[in-house]
Amino acid sequence: MFSSKAFWALTTIAIAAVLLYRSTVEWTDPKRPSPESIAFITGGEGPYWQAAIDGATAAADERGIRLVVHQPKNSEDVAEQMQILSVVSSSDVGAVAISPVEPERQAPLITQIGVTKPIVTFDSDAAKSGRHGYIGTSNFSAGLVAGTLVKSAIPEGGEIAVLMANKTKENLIERQGGIRTRIAESPNPEESPTDRRYKILGFFTDEGDDAACEKQIRDLVDGHPDLACVVTLNSRQGPVVMRTLEDLGATERVKLIAFDTSDAILDGIEAGTVYAAVAQDPYKYGYEAISMLDSLCRGDERQLPMVGRGAVHFSVEPLRQGDVEAFRKRTESRHPVSKG
């Protein structure tokens, strides 16, 4: 006859084996199949969005899912994106990923879609909507990184101009807050509560218009002789500002801090016409958005965080001249090659 200790030891082993088997079966044999198709809606066209599409395509191919890509022809055009979202809402796709241009206006439709199928945001969030998750960076932290780069670029201080597409996207609002916070931080709080060396001239919007962006930077350079640094918060703006500063012969006088890492910006950093960039990982955003949607469609919610309403944040990275070569090698190791 077994002793009491032996009985309980065998019972414990049996229970552990059952739990291990159940967890293995649940993981490898989901309750529902993967969706046949997923809609992927960007905020526009260009290298940054192509990198996100590359990541989403890689994840979809691995899972045998058909990816239906929608790119607004006009960057940051909420009307065009709303039309795309309306069409997608009544289509037979199994899930939706979107980078919302104007989250407050789009929140009701995002919530409506979320009633019948999983929907996640990427790159920029719509936190007040009924979306099921968000994939991107902590944009306030990204703004802090940009502010740190400004202080490194112009340590003696000066006037700063910040360019952004609009004042409605959550990622731009949060980046703006991070930059304000870091620029205002005093190096000597006992002497002054703020850093008096720096002055932010303003946060200037162009509504996704490259010509308007170029005009703004020309006006700022001509009208503000003490302008020392420009920060671009959108991927599209960096190359426009870089070319304009080169045309004006102002690259030595005005330092450029750009968001995102198009080939043009990386070339500019290596050439010294761009001081630094804040590197995100749009490829990863696209990949993880599809991964999360696939899990949700299969009834597996373990990929969603327990806190943060399903938000998954990835860090940004400051890129200076000595960092570009290694960064290029990392991005080129992906297949297909990402140019974001």
(request) State whether one or more residues within the range 73-81 are under 21 Å from Ala126 (Cα atoms), at pLDDT below 95, part of a helix (DSSP H, G or I) and in contact with a helix residue (DSSP H, G or I) (Cβ under 7 Å, 6 or more places away or on another chain). (result) yes
(request) Enumerate the pairs (first residue in the range 99-126 and under 21 Å from Gly44 (Cα atoms); second residue anywhere and hydrophobic (A, V, I, L, M, F, W, C) and open to solvent by 10 Å² or more (accessible area, probe 1.4 Å)) with beta-carbon separation below 6 Å, excluding pairs fewer than 6 apart on the same chain, so at least 6 apart or on different chains. (result) Val101/Val78; Glu102/Val78; Ala126/Ala107
(request) Specify the residue that is farthest from Asp226 (Cα to Cα); the eligible residues are those in the range 177-199 that are among the acidic types (Asp, Glu), assigned to a loop (DSSP other than H, G, I, E, B) and open to solvent by 60 Å² or more (accessible area, probe 1.4 Å). (result) Glu190
(request) Within the range 92-113, count every residue that is touching a Leu at 6+ places or on another chain (Cβ under 7 Å) and over 20 Å from Asn166 (Cα atoms). (result) 3
(message) Which numbered condition in (1) closer than 26 Å to Thr205 by Cα; (2) open to solvent by 60 Å² or more (accessible area, probe 1.4 Å); (3) within 14 Å of the chain's Cα centre (by Cα) is the only one that Asp267 fails?
(response) (3)
(message) Please verify whether Asp323 is farther than 29 Å from Val68 by Cα and open to solvent by 30 Å² or more (accessible area, probe 1.4 Å), treating the condition exactly as stated.
(response) yes
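For (1) of a type in the set (Ser, Thr, Tyr); (2) in a loop (DSSP other than H, G, I, E, B); (3) open to solvent by less than 20 Å² (accessible area, probe 1.4 Å), each residue gets a yes or a no:
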site: Gly130; (1), (2), (3): no, yes, no
site: Tyr134; (1), (2), (3): yes, no, yes
site: Leu163; (1), (2), (3): no, no, yes
site: Arg175; (1), (2), (3): no, no, yes
site: Gln216; (1), (2), (3): no, no, no
(request) From the list Leu304, Leu296, Leu256, Leu233, pick out the single residue that is within 21 Å of Asn139 (Cβ to Cβ), aliphatic (A, V, I, L, M) and at pLDDT below 95. (result) Leu304
(request) Please work out which residue is surrounded by the most Cβ atoms within 10 Å (Cβ to Cβ), limiting yourself to the range 272-306 and to residues that are of a type in the set (Ser, Thr, Tyr) and in contact with a helix residue (DSSP H, G or I) (Cβ under 8 Å, 6 or more places away or on another chain). (result) Tyr285
(request) Kindly provide the set of residues from the range 147-195 that are among the hydrophobic types (A, V, I, L, M, F, W, C), touching a residue at least 40 places away in the same chain (Cβ under 8 Å) and within 24 Å of Val78 (Cβ to Cβ), ordered by number. (result) Val162, Leu163, Met164, Ala165, Leu172, Ile179
(request) Give me a count of the residues in the range 105-122 that are hydrophobic (A, V, I, L, M, F, W, C) and surrounded by fewer than 16 Cβ atoms within 10 Å (Cβ to Cβ). (result) 1
(request) Evaluate the following for Gly208: is it at positive phi, in contact (Cβ under 8 Å) with a residue 24 or more places away in the chain and open to solvent by less than 30 Å² (accessible area, probe 1.4 Å)? (result) yes
(request) Could you tell me whether any residue of the range 147-159 is in contact with a helix residue (DSSP H, G or I) (Cβ under 9 Å, 6 or more places away or on another chain), farther than 29 Å from Pro239 by Cβ and not hydrophobic (A, V, I, L, M, F, W, C)? (result) no
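Results for (1) open to solvent by 50 Å² or more (accessible area, probe 1.4 Å); (2) touching a Phe, Trp or Tyr at 6+ places or on another chain (Cβ under 9 Å), shown as yes or no for each residue.
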| site | (1), (2) |
| --- | --- |
| Gly55 | no, yes |
| Asp61 | yes, no |
| Gly64 | yes, no |
| Pro72 | no, no |
| Met82 | no, no |
| Ile98 | no, yes |
(message) Can you list residue pairs whose Cβ atoms sit under 6 Å apart, with the first residue in the range 44-58 being in a helix (DSSP H, G or I) and the second being buried (at least 19 other Cβ atoms within 10 Å of the Cβ) and among the aromatic types (Phe, Trp, Tyr)? Count only pairs 6 or more apart in sequence or on different chains.
(response) Ala51/Tyr283; Ala52/Tyr285; Asp54/Tyr283; Gly55/Tyr283; Gly55/Tyr287; Ala56/Phe40; Ala58/Tyr287
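The values are calculated or read from the model by the stated rules, or taken from the named source; none is laboratory data. No experiment lies behind these values; they were computed from the predicted model shown. We place every Cβ from the backbone using ideal geometry, glycine too, and count neighbours over all the protein chains shown. Note: accessible area is taken over every heavy atom of the protein model, side chains too, but ligands, DNA and RNA are not part of it. Shrake-Rupley method; radii C 1.70, N 1.55, O 1.52, S 1.80 Å.
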